Amino acid sequence: MTAIELQVGDRMVRLSNPDKIYFPGCGATKLDLARYYVAVGPGIVRALYERPCTLQRFPDGVDGKVIFQKRVPPAHPPWVSTVVVTFPSGRRAEELCVTDLAQVIWAVNLGTVVFHPWPSRRADPEHPDELRIDLDPQPGTGFAEARKVGHLARELLAELGYRGYPKTSGGRGLHIYVRIQPRWDFVDVRRAALAFAREIERRAPTLATSAWWKEQRGAKVFIDFNQNARDRTIAAAYSVRANSSATVSAPIRWEELDDVDPRDFTIATMPPRFAVLGDVHASIDDVAHDLTPLLEMAERDLRDRGLGDAPYPPNFPKMPGEPRRVQPSRAARRPGKGTPTR
């Protein structure tokens, strides 16, 4: 079958090569992928709504080449919403900014499997409205350990007066989203995330780590504060992940955390779950929290513990107050240069 048209809301969206196998492990096709996103439409649109979005495309399926596309094609339809954003390098690009489900399916037709939205919206891309807590199990750990750190994170969020919304990463990790007032820039939001990570590490030093350098992490769950830096993104809630089993980054309720297995959430199993439960993150936009308590925690870390900033990802320019971006083991071989801060 060369191409078909799908009715998506008020629009007809073309889907080429609908029978192409995208997920060899389960035999799911490009059409199956599109039907999945239609089935969870309100959820994926809520997760992407008015957010600049990078597309992770697999035109030949997930075993083929991958294209990380930040710029929308110049010939995109006039009804596809976009926004111009600025990257750490200072370069600018026009990115997809989903406002309805037809735009999601249009992206699927390009071979998009994974949607990576920014934590800010097009009205004010410079000020995030979402704090992202990324629990990333390191070698020797898995979802069981991420689950334990997730419970600790929930406790700390409650102490701060915040409500977090958990989701599986689609792999071994766990993500927690917290809506915040869009008053702070990326530097401040990242600083707040670093303070949160350090506090969790203090409470569970044998289980969690905030160490940026892999050689310092050990068999622990890394709380990746740098996912809150500009242009760093996490797969959206309801986004499919690029593996043969077609797992999904699945929003869950806190009371489910002890029982869920991330491998159980796929493009085949999520639609019936969504039909019964709806979007379990539907209330996420009801409250926007004040980031001040976490920023005060960051100030106390500096004042009382001498804990300043931590390294940024390698594609960033040197940031004000950032320690030397050198692996500790390399720094140790260069006498007199000092030791980088974690």
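Computed from the coordinates by the stated procedures, all read-outs in this text should not be read as laboratory data. Just so you know, these numbers come straight off a predicted model, no measurement behind them. Here Cβ is always computed from backbone atoms with ideal geometry, including for glycine, and neighbour counts include all displayed protein chains.
Computed values, structure above
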read-out	value
Sequence ranges 224-235, 187-198, ranked by mean other-Cβ count within 10 angstrom, highest first	187-198, 224-235
Karplus (6.51, -1.76, 1.60) ³J(HN,Hα), θ = phi - 60°, over segment 318-325, in Hz, Gly and Pro reported as x	4, 9, x, x, 6, x, 4, 8
Calculated diffusion of segment 68-112, Stokes-Einstein form, Kirkwood radius summed over Cα pairs, 10 °C and 1.306 mPa s, µm²/s	142
Rounded to the nearest 20 debye, dipole of segment 1-50 from Cβ charges on Lys, Arg, Asp, Glu	60
Kirkwood hydrodynamic radius (C-alpha pairs) into Stokes-Einstein, segment 101-140, 20 °C and 1.002 mPa s, D in µm²/s	165
Phi-based couplings in Hz for segment 57-69 (Karplus 6.51, -1.76, 1.60; Gly and Pro marked x)	9, 9, x, 10, x, 5, 8, x, 5, 10, 10, 8, 10
Bins of 20 Å from zero: percent of alpha-carbon pairs in the chain	30, 58, 12, 0
Burial ordering of Asp259, Asp309, fewest other beta-carbon atoms within 10 Å first	Asp259, Asp309
Simple Cβ-charge dipole of segment 140-255, Lys/Arg +1 and Asp/Glu -1, about Cα centre, in debye nearest 20	100
Radius ratio Rg over Rh of segment 126-214, counting only Cα atoms, Kirkwood formula for Rh	0.95
Whether segment 171-235 is rounded, prolate or oblate, judged on the alpha carbon gyration tensor where a/c under 1.5 counts as rounded	prolate
Average projected area [Cα convex hull, segment 216-270], square nanometres	5.5
Whichever lysines have a C-alpha closer than 25 Å to that of Lys148, once near sequence neighbours (fewer than 8 apart) are set aside	Lys167, Lys214, Lys220
Contact order normalised by residue count of segment 1-159, Cα under 8 Å, 6+ apart, percent	22
Long-range Cα-Cα pairs in segment 1-115 (distance over 24 Å), rounded percent	23
Cβ-based charge dipole, segment 1-150, positive-most Cα from Asn17, Ala123, Ala34	Asn17
Cross-link partners of Lys20 among lysines (Cα-Cα below 21 Å; sequence separation of 8 or more within a chain)	Lys30, Lys65
Charge dipole magnitude, Cβ of K and R +1, D and E -1 - the chain, Cα centre, debye nearest 20	1420
Computed E for Arg71/Ala288 - FRET, C-beta separation, R0 22 angstrom, nearest 0.05	0.15
3J(HN,Hα) from dihedral phi, segment 210-216, Karplus parametrisation 6.51/-1.76/1.60, rounded to Hz, x for glycine, proline	10, 5, 5, 7, 4, 5, 9
Global size of segment 67-146 as Cα Rg and Dmax, reported in angstrom	15.7, 49
